[in-house]
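The values are calculated or read from the model by the stated rules, or taken from the named source; none is laboratory data. As the structure is a prediction and not an experimental result, all values here were calculated from the model. Here the Cβ is made from the backbone with ideal geometry for all residues, glycine too, and neighbour counts use every protein chain on show.
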Amino acid sequence: MKKYEGLFILNTAGKEDAIKETIDKIAAEIGMAGGKVETVQKMDKRAFSRIADKKYTSGFYVNVIFEAKTELVTQLQSRFALNEDVFRVLFTLAGAPQEVAAA
């Protein structure tokens, strides 16, 4: 199993109260598919620099680090593409944490 990092942009249009529930659903879906969620980092709501659709001008960013098999990531990508609460998702391999050298 490899360690992956998933950056989720959640659709918050009129649903700011349901952010916690949506994050819990994302973590549960990764777990049910066979992955192991390590950390969930809630970021803040940010306005998009380029607006493709006037209906979506901002989104709530969430970073999820999890372990999973390679074939699971493609399944998750297609599942979250169908989820209307997830505006965009990007999965990358999580690198080893780098130590900061003391100056």
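Show me the strands (runs of 3 or more DSSP E) entirely contained within the chain in which 2 or more residues are in contact with a strand residue (DSSP E or B) (Cβ under 9 Å, 6 or more places away or on another chain), at negative phi and without any contact (Cβ under 8 Å) to a residue 40 or more places away in the chain.
Because the criterion is at least 2 residues that are in contact with a strand residue (DSSP E or B) (Cβ under 9 Å, 6 or more places away or on another chain), at negative phi and without any contact (Cβ under 8 Å) to a residue 40 or more places away in the chain, the strands (runs of 3 or more DSSP E) in the chain that meet it are 36-47.
Taking the stretch 1-49, which residues are β-branched (Val, Ile, Thr) and modelled with pLDDT under 85? Spell out the reasoning first.
Filtering the stretch 1-49 for residues β-branched (Val, Ile, Thr) gives 9, 12, 19, 22-23, 26, 30, 37, 39-40.
Matches in the stretch 1-49: 12 only.
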